[in-house]
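Okay, so here's the structure we're looking at.
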Amino acid sequence: MNIRKLALSASLCTLALTSLAPTQASAAAKDQYFPVLVYRTGAYAANGAPWANGYIDYLKLVNARGGINGVKIIFEECETGYATDRGVECYERLKGKNGGATVFQPLSTGVTFALTEKAPVDKIPLITAGYGRSESQNGAVFTWNFPLLGTYWVGADVAIQYFAKKLGGVANLKGKKIALVYHDSPYGKEPIPVLEELGKKYGFDVQLLPVAHPGVEQKATWLQIRQHRPDYVLLWGWGVMNSTALREAQSTGYPRDKMMGIWWAGAEPDVKDVAEGAKGYSALALQHGAEPDAKVVKDILSMVYAKGQGTGSKEEVGQVLYMRGLLSSMLGVEGVRKAQERFGKGKVMTGEQVRWGLENLNLDQKTLDAMGFAGVMRPVQTSCLDHMGSSWVRIETWNGNKWEFSTPDWYQADEKFLRPMVMLASGKYAEEKKLKPRTPEECKL
Amino acid sequence: MNHQIGDVILDLKNVSLAFGGVKALTDISFDVREHEIRAIIGPNGAGKSSMLNVINGVYRPQQGEIILRGEHFARMNPYKAAKAGISRTFQNIALFKGMNVIDNMMTGRNLKIRSNLIQQAFWWGPARREELAHRAKVEEVIDFLEIQHIRKTPVGRLPYGLQKRVDLGRALAMEPSILLLDEPMAGMNVEEKQDMCRFILDINDQFGTTIVLIEHDMAVVMDISDRVVVLDYGKKIGDGNPDEVRASPEVISAYLGVSH
Amino acid sequence: MLYRENGQFKTTYAADQQIFPIAQDRWTILGILLIAFIAIPLLVDEYLFRAILIPFLILSLAAIGVNILVGYCGQITLGAGAFMAVGAYAAYNFHIRIEGLPLLVSILLGGLTSALVGIVFGIPSLRVRGLYLAVATLAAQFFTDWVFLRIPWFTDNSSSGSVSVSNLQVMGWQIDNPVSKYLFCLIFLTIFALLAKNMTRCAIGRQWMAIRDMDVAAEVIGIRPLFAKLSAFAVSSFFVGTAGALWGFIHLASWEPAAFSVDRSFQLLFMVIIGGLGTIMGSLFGAAFIVVLPIVLNQFLPALGGVFGIKISTAGVSHAELIIFGGLIVFFLIKEPHGIARLWSTGKEKLRLWPFPH
Amino acid sequence: MGFFLETLIGGLMAGMLYSLVALGFVLIYKASGVFNFAQGSMVLFAALAMARFAEWLPHWLGLDSLWLANTIAFVIAGALMFVVAWLIERLVLRYLVNQEGATLLMATLGIAYVLEGIGTSLFGNNIYSIDVGMPKEPVFILDGLFEGGLLINKEDFIAALIAALLVGLLALFFQKTTTGRALRAVADDHQAAQSIGIPLNRIWVIIWFVAGLVALVAGVIWGSKLGVQFSLVTVALRGLPVVILGGLTSIPGAIIGGLIIGVGEKLSEVYLGPMIGGGIEIWFAYQLALVFLLFRPQGLFGEKIIDRV
């Protein structure tokens, strides 16, 4: 290496290093900044991408509608590859940009766990709509986490309600066998305490069948299911694990109508390629399903896609995971809107103010209808102590061609049963971390 | 210093060695006396290197025993042999290519290191003192072999002749009582050979080290060794002082008939 | 001009056996340490600490451990992530189960536990070598992945299998902000790098290298492969385990077994090979390269695309990142199979002779 | 008993697929001494190409025959694998002759990243399906003998047959053709082969191409079972214990190793797993290989290495 090359590489290095330092924007930002953690590559790309597209399309729609009371949204993607350390790096990189991040939504239980420790320090709320830690519903302890619309414990409880209904009452659960086929990670393990508790309560047997990441090897799992012939199989997978499970169920002849998936196992990529083979398979729906006819979707098509500004492909708009992303995005935006009501309309909100907004969210039917969410979801109302805001879930079934809601479709989780578990688990967390839970008085501030 | 040739210190009895079906050594016995230079000769494939490998335990013979200073071994292992003061050089030079000359020779002092891992990690009292003391010893060997100028050179960069010398140096750093030399002069030019001969004789003379050597070059062997064993196709066909061996008809027909 | 060693004569072996026998090197290192300990904490912003410097320090420590095993002792390992996991979870258990145990002790005990496990999984190295051994170490990887997912005791019966720690302090020094975390890791790395350097220039290091270069010859001069290999496994696992504990405690604060997956093992192996096998410095270079490169690419590519008026999608960036990353690895292996450390020392030698070409 | 047989058969069939991946490892290792970690990425790349071309061709050419589209897609994917093999030789291997095993292994890891990146950016990273008309529904045989019958998965059965056929063809290729003999000569001794005029570079291209074809077949089979997506790269990790067990240099070893691993991991998961919490098959396969290794360090059929001093 001669001197010139050395100099060249040295200058390249400096260039690279300077590009590392995030450009700090001026303190008084004009725009509300939404960092977007996504994964469009790797093992879970097929599921991560539509979610991200929905998320961003909605932000674009808000801008097209004139912003949040006139405040425009800017956003930036960062690829996490569903890996915790990449997620943390993205978080650190984006959190201070453009006057500070509004809210983070990592779409990964692992990243959520890591950020739960960091968010309180940085004062940025985390929305984990339909994932994350179930006990973070308790806003007194998890002051910055918002598992809006539902947690895994809600899902597990509703799944059992559904089985009970099919059997003709909870009494008939006694002596039944329910197998949980789960992604072997914190995500997959979340429902286990609830299932075991319910098993004790109603006298059914829970069989746990873990599937290693990424979930393409399930032969042994389904041989075991064939051997034990459980009455129902609850599928708690993500990405390719879901379609693999359905294929294996098909090839071992396990009836698909006795299978029920969590809402992360109930989207198009999970069943599309199995098609007829997945007919009769049901999944929980985080309120919404595929919603091609919703007004908000039509708005996006006319106000975003028609102008050639769509993030993904047009066919994808309105699909299940797309809608999940869209809803998550909407909740964040509404948090900002609510915060503006208190801290000043037309101003850019800080993370702390947005937290107040999310804690006092009250989306009633009228508001939802006005925003174009009629029929997509039910009203949500949060409080300082309840960061979930709704425990309603629907059930959908794959008819070989598309997802359909089954009737009666709405279920509500048994809060009387879940709340003590939430309190216990969050209490344990508070004790470990030496946190003092907020009292209702402190919430008012 | 003058070391008289003494009693037998190494005695091999009826050693046989085979690899799979191939017999490398068949029923070989011979002895080595203290302070002598003992040569093993024979054509290619006669089993000379195998013989050395049996003595210091790299190969395990199927039959026979090795008696070292009155102690009987059915088989040696390299560690025991090293402990007992046997060191050796290699035909194809088995230096540690990733290290420099000093470090290669320092490995020869390995058995004499007393400090433990923790002390070494902290470069702490005993470890430090030991390193320096052994370094001094190694420098003596370096002086003896006249390789001061290359002491910090990675061995891979040295020419062949010098590598051979470092290989010898590493063996000497062990302060062995018995030194096994596997073709120490193979591939050298006349000058290098002369140097090597001088070193071998000096080692034997100054330190009284017993030397067992394998060599191709007949002239050299006959000049420097006290007694010679002749192998052919894994069998012993001659044993005695150079003159006796030269006179043996069997040896002449098998080996000396072919000039080298 | 500045880098000249003439005039510096060694009069004792002690002087000749210093870690940095050349005076300028000693000054440079001192300077770097001053910058690392004083200037950086004053100047650098939080993002660099959290996203780059702290991971870099911890992974450097792990890479030194891997380098001891792979670079110095010649035993390929694809299971380094497993030993990080052992270190992290062991430290976690000591931390929560023994009331009042100082943080430092917990972390070091985590490292020691990892060393013990390392010895157990090092046993196959006595029978198999090379690629076969590499695969044997993968067995350790998958086994520990499973253990920490499946046995609730190790995660203190946490329902999700994820664990977290908080309120870390050492003798009253709160380790909660980026600067203190950085300094804490930096102290670890400095001390451990020194220990590693000492070991590798002492008898034990020579034993490892002898086993690596020519195991038969090593045995013949009285080195026991059993001791040499297992001690390398133990020391290496100790380093890697300590790094794992730091990764869990200091960097993530909350983690699950996936943080130490087989990808991490590959990453660590990349570091030592790119950085340079058998050099402590190389481990640091490798860690820096592997930590920084993806982040740089990730930010650099969209900017570069912007210059040419191309908008690169997030997916496009990460695909390009994969391609460039893989390509650079291959390029490095072809151009300099001995790693960045070799480039460094070649550069130094050139500088020493400058302006003469030879 | 019926269930035991089902598990056994399931294991054998899974094992046959592992063999196919292992075969890719063995071929390349034999001919070039490279432990090819990119085998999994080659499977992904080939399968992606096949799946996407089968999807695109009917649009481009107006074909409506599934069979024809699949065949052409297969040929195109095969041709792509040839290009990949040629590029790898051209850009990587020829510069790394005589490097150490570790360096070569790292290089293949680099190749793996590049292939994954190129593959997913060319062909996308969704889940794609390959429909080669494999039957999906199970059949039950021997109803009379066991309660509920013995479940046989036709798809697995056909896949295993194809794998076996491919292995047979490769064996013939190595034994009977001139190229095959040249390949074996290279495998035995690079320099000797070169000195009698066997062009090393061309041989490497051929062998990587053959390994690419094996990857393509493996990709088609796995892809038609599971859908083609990124996780296919992990099949490489499933194939590793197989080559270790069977020996890095032995084709029969890959087959028998695959069967042993397949059966071992399924039986262990089904019978041992529930006792200790399940999810044990991956590490069990590795431990199984490890235990074998302690008794036969060179694998079941590998060549014994004798140290010469």
Output the antiparallel fraction of DSSP beta bridges having both residues in the protein assembly as shown, as a percent to the nearest 5. 50
If you add up the charges near D:S32, with Lys and Arg at +1 and Asp and Glu at -1, over every other residue whose beta carbon is less than 11 angstrom from its beta carbon, what do you get? +1
Between C:A39 and D:Y271, what's the calculated FRET efficiency when r is the beta-carbon distance and R0 is 60 Å? Round to 0.05. 0.45
Taking the convex hull of Cα positions in the stretch B:70-178, its mean projected area over all directions (nm²): 8.2
Summed residue charge, Cβ within 14 Å of A:Y187's Cβ, Lys/Arg positive, Asp/Glu negative: -1
Extent along principal axes [Cα atoms of the stretch D:128-280; Å; largest to smallest]: 64, 37, 35
Solution diffusion estimate, µm²/s, Stokes-Einstein, the stretch A:132-175, Kirkwood Rh from C-alpha pairs, 37 °C, viscosity 0.692 mPa s: 275
As a check on your grasp of the helix formula, calculate [θ] at 222 nm for chain D: sum -39500 (n - 2.57) over DSSP H runs of n ≥ 4, divide by the residue count, round to the nearest 500. -24000 deg cm²/dmol
How large is log10 I(q)/I(0) at q = 0.09, 0.11, 0.12 Å⁻¹ when the Debye formula is applied to the Cα atoms of chain B, each weighted equally and without solvent? -0.42, -0.62, -0.73
If you count only protein heavy atoms with a 1.4 Å probe, what accessible area per residue comes out for the stretch D:2-233, rounded to a whole Å²? 39
Which parts of the stretch D:35-49 would a label at D:L63 reach, counting a residue when its backbone N lies under 15 Å from a point 7 Å out along Cα-to-Cβ? D:49
Checking a compactness column here: for chain A, what do you get for Rg(Cα) / (2.2 N^0.38 Å), N being the number of residues? 1.00
Which number comes out as Rg/Rh for the stretch D:1-135 once both Rg and the Kirkwood Rh are worked out on C-alpha atoms? 1.06
Distance cut-off 27 Å, Cα to Cα: go down the list A:K165/A:K200; A:K338/A:K416; A:K123/A:K314; B:K97/C:K335; A:K118/A:K200; A:K176/A:K402 and report the pairs above it. A:K338/A:K416; A:K123/A:K314; A:K118/A:K200; A:K176/A:K402
Please quote Rg/Rh for the stretch A:46-118 to two decimal places, taking the Kirkwood radius as Rh and restricting both calculations to Cα atoms. 0.99
Can you quote the Å³ per residue value for the convex hull of the Cα atoms in the stretch D:109-196, rounded to an integer? 228
Label-point separation, A:D257 to C:I187 (7 Å along Cα→Cβ), nm: 6.7
So the compactness index of the stretch A:32-80, its C-alpha Rg divided by 2.2 N^0.38 Å, takes the value 1.25
Hey, any idea what % of the protein assembly as shown's accessible area is carbon plus sulfur with a 1.4 Å probe? 61
Using only the C-alpha atoms of the stretch B:90-153, find the volume of their convex hull and express it per residue in Å³. 105
Residue-normalised accessible area of the stretch C:46-353, given per residue in Å² at a 1.4 Å probe: 31
In whole angstrom, the spacing between the Cα centers of the stretch A:253-306 and the stretch D:8-45 equals 36
Note on the stretch C:309-326: residues buried by at least 50 Å² of accessible area once partner chains are added (vs chain on its own, 1.4 Å probe) come out as C:T314, C:H319, C:L322, C:I323
Just D:A159, D:A192, D:A51 to compare: in a GNM of chain D, with alpha carbon springs under 10 Å, which one fluctuates most? D:A192
How big is the D/C interface in buried accessible area, both sides summed, 1.4 Å probe, to the nearest 100 Å²? 3700
Please list, ordered by chain and number, the residues whose modelled amide H lies under 5 Å from the amide H of B:L10; skip anything fewer than 5 residues away on the same chain. B:V32, B:R69
Expected output for the stretch C:114-138, residues with a loss of 50 Å² or more in accessible area relative to the chain alone at probe 1.4 Å, reads C:R127, C:L131, C:Y132, C:V135
Neighbour-limited loop hits for trypsin sites (Lys or Arg not before Pro), the stretch A:143-182 (at most 14 other Cβ within 10 Å; DSSP other than H, G, I, E, B): A:K174
Interface residues in the stretch A:225-255 - accessible area drops by 10 Å² or more relative to the isolated chain, probe 1.4 Å: A:R226, A:Q227, A:R229, A:V240, A:S243, A:T244, A:R247, A:E248, A:Q250, A:S251, A:T252, A:G253
Could you tell me the largest-minus-smallest coordinate of the C-alpha atoms of the stretch A:251-338 on each of the three principal axes, in descending order and whole angstroms? 48, 30, 18
To one decimal place, what orientation-averaged projected area in nm² is obtained for the convex hull of the Cα set of the protein assembly as shown? 56.6
What's the percent breakdown of Cα-Cα distances in the stretch A:311-445 across 10 Å bins, shortest bin first? 10, 30, 34, 20, 6, 0
What's the center-to-center distance, using Cα atoms, between the stretch D:122-187 and the stretch B:131-175 in Å? 60
Rounded to whole Å², per residue accessible area for the stretch B:95-175 with a 1.4 Å probe reads 41
Among B:I55, B:I118, B:I40, determine the one that fluctuates most according to a GNM of chain B built with springs between C-alpha atoms less than 10 Å apart. B:I118
Chains C and A: what accessible area do they bury, summed, in square angstrom to the nearest 100, with a 1.4 Å probe? 3500
To the nearest 0.05, the calculated FRET efficiency linking B:E191 and D:M1 through their beta-carbon distance, R0 being 56 Å, is 0.10
Surface/4 of the Cα convex hull for the stretch D:2-233, nm²: 14.9
So what's the net charge close to C:D156: Lys and Arg +1, Asp and Glu -1, counting the other residues with Cβ under 11 Å from its Cβ? +1
With 10 Å bins from zero, work out the P(r) of the stretch C:223-291 over every alpha carbon pair and list the percent per bin. 19, 43, 32, 6, 0
Among B:F122, B:F30, B:F207, residue whose mean-square fluctuation peaks in a GNM of chain B (springs only between Cα atoms under 10 Å): B:F122
Give, in whole angstrom and from largest to smallest, the semi-axes √(5λ) of the equivalent ellipsoid of the stretch C:46-353, with λ running over the eigenvalues of the Cα gyration tensor. 29, 28, 19
What is the interface area between chains B and C, defined as buried accessible area summed over both chains with a 1.4 Å probe, reported in Å² to the nearest 100? 3000
What are the extents of the Cα atoms of the stretch C:112-258 along their three principal axes, in Å, largest first? 53, 35, 20
Label model pair C:F9, B:R114: point-to-point distance (7 angstrom along the Cα→beta-carbon line) in nm is 3.4
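The values are calculated or read from the model by the stated rules, or taken from the named source; none is laboratory data. Keep in mind it's a predicted model, so treat the numbers as computed, not measured. Glycine also receives a Cβ, built like all others from the backbone with ideal geometry; neighbour counts cover every protein chain displayed. Just the protein is used for accessible areas: all its heavy atoms, side chains included, with ligands, DNA and RNA removed. Shrake-Rupley method; radii C 1.70, N 1.55, O 1.52, S 1.80 Å.
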